[in-house]
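Written below as structure tokens is the structure these notes are about.
The values are calculated or read from the model by the stated rules, or taken from the named source; none is laboratory data. Treat the numbers as computed from the prediction; the structure is a model and nothing was measured. Don't worry about glycine lacking a Cβ; one is built from the backbone with ideal geometry, like all the others, and counts go over all protein chains shown.
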Amino acid sequence: MNKEKVLDVLKKIFFSFAWIPFVVLAADLASKWAVQTHLVEDQEVQIIKNFIYVTLHYNLGAAWSLGYGLRWLWITVSVVLSAGLIFYYVKNIKKLSRPYLIALTLMIGGAVGNLIDRACYWNSAVDEFGRTIGPNGVIDWILFRFGSYDFPTFNVADSCLVIGVIILITCLVIELIQDAIKKNKDGAYSMKPKDYEAKKEAEKLEENKEETDAENQSK
């Protein structure tokens, strides 16, 4: 394999963004391990006073501790979500634009990261002083404090899930706006829906005819 082929393969891998879930997963598990190893439950380490803290919190539910204690329900949800995202990504990788691929791969990494916590890190151990020394649920460790209000703690996986959803929604909104602008230029809002659909169908048939004529001329 020559240099150009190698670079072409690397380029395809990079712009498939298939590496993002692995980066997310590594960062998520490494950060959870570090917090679990060096902090005790509810201990806080100040990063920016009255704003950002590192802490250790065990979440036995979903986001913001919703569905507290329903471990197997959230494991099932995590499995279905992870599998669904991976299936959709693999099936549509050649069709989707880069922002959509980035959103999906971020969400895959986040979903799998929390799935590992829910499925594997559960029963904690306690030392002779009564301190928790083993995982006891999904590990959340990022804390934002706004005055007297503490935003619910979260982790890297949660962050990537949220960022992925934001990118996805943003792309959808942009597409809807672009579609609305295009329809307005085409006169869609001054025509009856059936008339507009007939017009678009006629345009599509004309485009297909032109493509067929061009192919015949090139032969």
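Quick check: anything in segment 180-199 β-branched (V, I, T), free of Cβ contacts under 8 Å to residues at least 60 places away in the same chain and surrounded by fewer than 14 Cβ atoms within 10 Å (Cβ to Cβ)?
The answer is yes, given that some residue of segment 180-199 is β-branched (V, I, T), free of Cβ contacts under 8 Å to residues at least 60 places away in the same chain and surrounded by fewer than 14 Cβ atoms within 10 Å (Cβ to Cβ).
Taking only pairs six or more apart or across chains, which ones have beta-carbon atoms under 6 Å, a first residue in segment 84-103 that is closer than 17 Å to C171 by Cα, and a second residue that is of a type in the set (F, W, Y)?
Sorted first by the residue in segment 84-103, then by its partner, the pairs are L101/F17; I102/F17.
Only one of S31, S82 is modelled with pLDDT of 90 or more and touching a Phe, Trp or Tyr at 6+ places or on another chain (Cβ under 9 Å); which?
Exactly one residue qualifies, and that residue is S31.
Restricting to segment 51-68, name every residue that is at pLDDT 90 or above and either hydroxyl-bearing (S, T, Y) or out of contact with any helix residue (DSSP H, G or I) (no Cβ under 8 Å at 6 or more places or on another chain) (or both).
Scanning segment 51-68 gives F51, I52, Y53, T55.
If you go through segment 179-194 one residue at a time, do you hit one that is modelled with pLDDT of 70 or more, under 30 Å from P21 (Cβ atoms), within 38 Å of the chain's Cα centre (by Cα) and among the hydrophobic types (A, V, I, L, M, F, W, C)?
Within segment 179-194, not a single residue is modelled with pLDDT of 70 or more, under 30 Å from P21 (Cβ atoms), within 38 Å of the chain's Cα centre (by Cα) and among the hydrophobic types (A, V, I, L, M, F, W, C).
Looking at V90, V112, which one is loosely packed, with under 15 Cβ neighbours inside 10 Å, at pLDDT below 95 and either part of a helix (DSSP H, G or I) or charged (D, E, K, R) (or both)?
Result of the check over V90, V112: V90.
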